[in-house]
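Written below as structure tokens is the structure these notes are about.
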Amino acid sequence: MYQVLDGKLVSQSVKDRVRVRAAAHNAKGEEITLAVIIVGDDPASRVYVNNKKKACEYVGFRSLEYALPASTTQEELIELIHELNERRDVHGILCQLPVPKHIDDKAVIAAIDPKKDVDAFSEINVGKILIGKYDLLPCTPAGVMELLDYYDIKVEGRNCVVIGRSNIVGKPMAVLLMHANGTVTVTHKKTRHLREVTNKADILVSSVGRAKFVTADMVKEGAVVVDVGMNRDENGKLCGDVVFDEVAPKCSYITPVPGGVGPMTIAMLMQNTLKAFEIQQSDYEG
Ligand code: GUN
């Protein structure tokens, strides 16, 4: 019998932890502020941004939304980021990705002050994560680790297989699993004999972004399966990468979609914003 890793439950406990600390700051007249930039009108991005704003409200942060038209130039966007970098009353900045094609997302990420980079996408933060000396962690991989920890799922010494090698999920996920002493394999489009590799996984994390990608024949009996996918099926319904109904019976633990990793990402964003605020505050106090 498998157990579902309940992202709603665990994200709630993370947000409640953040909320208590935010209340203590608020009581001292300090308002924690997250600036969220969205460029264009991608409907999925709109949903994510709305959820992030809702979470800010719940934990007691102020959120500032900058909804810019798709015609915004890279220079205009970067100028806004520079302004937000300078503002002492803004503690976290994120630009929802993807941005329109005429804008280079790497340049946008590089423009964000690493201390306010609550996605932890900047070169400085990525480098710090790699050497294990980090303040801010990328939200989705950090959310997966939090979920494993909550259910007391041990990573040490276990075979961990990550499907996907994106900068946002796959690569940092592999690094965090390594820091937790997992034995990590990263697979991707060019991986040969993928099924043979995934079948050795005690912990399998899928972040390919393709519906029905992970099937029962790819999963070892008793594995922990974490589904980072956020896809739409043929009926437009939100689904992950994993064929849940056929994979779940083989698992010890599995995340659902929705209600698994998704809510964790947002909770970790709140945690990062709190951390960024606290670090900036201690910097100013010198
Ligand atoms: N687009 C998809 N996931 C993310 C994320 O975690 N952060 C940002 N900024 N954009 C995204």
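The values are calculated or read from the model by the stated rules, or taken from the named source; none is laboratory data. It should be emphasised that the depicted structure is a prediction, and the values quoted were computed from it without experimental measurement. Positions of Cβ are backbone-derived with ideal geometry, glycine not excepted, and every protein chain shown enters the neighbour counts.
Taking only pairs six or more apart or across chains, which ones have beta-carbon atoms under 7 Å, a first residue in segment 94-121 that is more than 25 Å from Gln281 (Cβ to Cβ), and a second residue that is within 13 Å of the ligand (Cβ to nearest atom) and small (Gly, Ala, Ser)?
Gln96/Ser45; Pro100/Gly40
What helices (runs of 4 or more DSSP H), lying completely within segment 67-147, carry at least 1 residues that are in contact with a His (Cβ under 7 Å, 6 or more places away or on another chain) and modelled with pLDDT under 95?
Where helices (runs of 4 or more DSSP H) fall fully within segment 67-147, none carries at least 1 residues being in contact with a His (Cβ under 7 Å, 6 or more places away or on another chain) and modelled with pLDDT under 95.
For segment 143-191, enumerate the residues that are in contact (Cβ under 8 Å) with a residue 60 or more places away in the chain and hydroxyl-bearing (Ser, Thr, Tyr).
Tyr150, Tyr151
From the list Val242, Val247, pick out the single residue that is more than 30 Å from Asp135 (Cβ to Cβ) and either within 19 Å of the chain's Cα centre (by Cα) or of a type in the set (D, E, K, R) (or both).
Val242
Kindly indicate which of Ala70, Ala35 is among the aliphatic types (A, V, I, L, M) and exposed (fewer than 14 other Cβ atoms within 10 Å of the Cβ).
Of Ala70, Ala35, the one residue that is among the aliphatic types (A, V, I, L, M) and exposed (fewer than 14 other Cβ atoms within 10 Å of the Cβ) is Ala70.
Every residue, every condition in (1) within 15 Å of the ligand (Cβ to nearest atom); (2) part of a helix (DSSP H, G or I); (3) surrounded by 19 or more Cβ atoms within 10 Å (Cβ to Cβ), yes or no:
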site	(1), (2), (3)
Asp217	no, yes, no
Glu234	no, no, no
Pro249	no, yes, no
Pro263	yes, yes, yes
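Take the residues in segment 173-200 that are surrounded by 19 or more Cβ atoms within 10 Å (Cβ to Cβ) and in contact with a Ser or Thr (Cβ under 8 Å, 6 or more places away or on another chain), then tell me which one is farthest from Asp119 (Cα to Cα).
Thr198
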